[in-house]
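Participant: First the structure, which I've put down as structure tokens, then a few questions once you've had a look.
Computed from the coordinates by the stated procedures, all read-outs in this text should not be read as laboratory data. The shown structure was predicted, so the numbers you read here are calculated from the model rather than taken from an experiment. A quick note on method: Cβ atoms are made from the backbone with ideal geometry, for glycine too, and the neighbour counts reach across all protein chains shown.
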Amino acid sequence: MAVAVSGGADSLALAAATVAQGWVVTALVVDHGLQPGSAEVAAQARNQALALGCHHASVLSVTVDGAGGLEAAARDARYAVLREARQGLPVLLAHTLDDQAETVLLGLGRGSGGRSIAGMRPWDDPWGRPLLDIRRTETRSTCAELGLTAWEDPHNVDPRFVRVRLRHEVLPLLEQVLGGGVAEALARTAASLRDDGDALDEQARATFSGAGSLAISGLRDVAPAVRRRVIRLWLLAGGAQDLNDSQIRAVDALVVQWRGQGGVAVGADLAYQRLVASRSGDHLMLSIHDV
């Protein structure tokens, strides 16, 4: 089993618990290089992981391209290097119930659709998140009991980051106004939405033909939630990436609100080109256009 270890309380507690369960653990420490002394922090995390009983521990250095936002770029770089280094092992991530609550609030605030509000999955191959029912206070107390000195990431108190403000301003205010239990309620909501979403996704997969073009006649009588999922599957099969709810609804409008409108540009990994969904007769088509 591989465990992503940052040196923070959450990941140290996870590494300790995984070793205690009898797993042969490989600790993967990512050095993002974003702060002075990051190499020393990573080396300390590696040493702590070995001291906890991890069979092997390695430091993975990455270069973070800040395009699109530092948080997102660091996350993308981290997942990419973990995927490359895991050598076929599942990777445990130390996201807690508090992280889940913050993720749900982010999705709500950005209007990203049900998939985003459903939060992080406990298992999303190859990623496992066994601490999603555990509060951050519990991981800190675990480290204290084990005599571990956890690293405090300065970015976790930097108000430039939206997630930090949610953590230190918004969630405490909601807890105060609503009388507590907000983080747990948000996590329960996410779990419920995942169950609902999985059922709708299954219906969408049964409806999706996999054809290069998408027949509109086969979509008109499909329930809206399923229809939009079919459209999402079709877009992904055609090379789309990083789809958001607004894009999917705009393509859906080509089916149910057709007024002769133009195509819809969707995200794709294309240089100087864009992927466009458009309607031609009774079909939705995907085409590549120069920018």
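Participant: Using the basic label-point model (7 angstrom from Cα toward the beta carbon), what is the H289 to R135 distance in nanometres?
Facilitator: Placing both labels 7 Å along Cα→Cβ, they lie 5.2 nm apart.
Participant: Right, here's the next one. How large are Rg and Dmax for the chain when only the alpha carbon atoms are used, in Å?
Facilitator: 21.8, 68
Participant: Per 0.36 nm of contour for each residue apart, how much would the distance between R205 and Q261 grow if the chain were fully extended, relative to their Cα-Cα spacing? Walk me through the numbers before you get to the answer.
Facilitator: Details: separation 56, 0.36 × 56 = 20.16 nm, distance 2.76 nm.
Additional length available on full extension: 17.4 nm.
Participant: Now for a separate question. Give the longest segment of the chain that steers clear of chymotrypsin sites (Phe, Trp or Tyr not before Pro) in DSSP loops with at most 12 neighbouring Cβ atoms within 10 Å, not counting the sites themselves.
Facilitator: In short, 1-257.
Participant: Give the span of the range 208-290's Cα atoms along each principal axis, as three whole-Å numbers ordered largest to smallest.
Facilitator: 37, 23, 23
Participant: Output the DSSP H helices from the chain with an along-axis C-alpha extent of no less than 18 Å and a mean Kyte-Doolittle hydropathy no less than 0.5. Write down the numbers at each step before the final one.
Facilitator: Numbers: long enough: 38-51 (20 Å, -0.04); 70-85 (22 Å, -0.17); 97-110 (20 Å, 0.09); 182-207 (37 Å, -0.41); 224-237 (20 Å, 0.53).
Both cut-offs are met by 224-237.
Participant: Still on this structure, I have one more. So for the pair V162, A225, with labels modelled 7 Å out along Cα→Cβ, what separation do we get in nm?
Facilitator: Reported label-point gap for V162 and A225 is 2.4 nm.
Participant: Of all the stretches in the chain, which is the longest one without any exposed loop site, taking trypsin sites (Lys or Arg not before Pro) in a DSSP loop (any state but H, G, I, E, B) with at most 14 other Cβ atoms within 10 Å? Before the final figure, lay out each step's value.
Facilitator: Numbers: sites that count: R160, R220, R259.
Longest site-free region, per DSSP loop and neighbour criteria: 1-159.
Participant: Okay, next question. Just how large is the dipole of the range 208-290 about the Cα centre, in debye to the nearest 20, putting +1 at every Lys and Arg Cβ and -1 at every Asp and Glu Cβ? Each step should come with its number before you reach the end.
Facilitator: Numbers: 9 positive and 7 negative charges, 51 e Å.
Value, rounded to 20: 240 debye.
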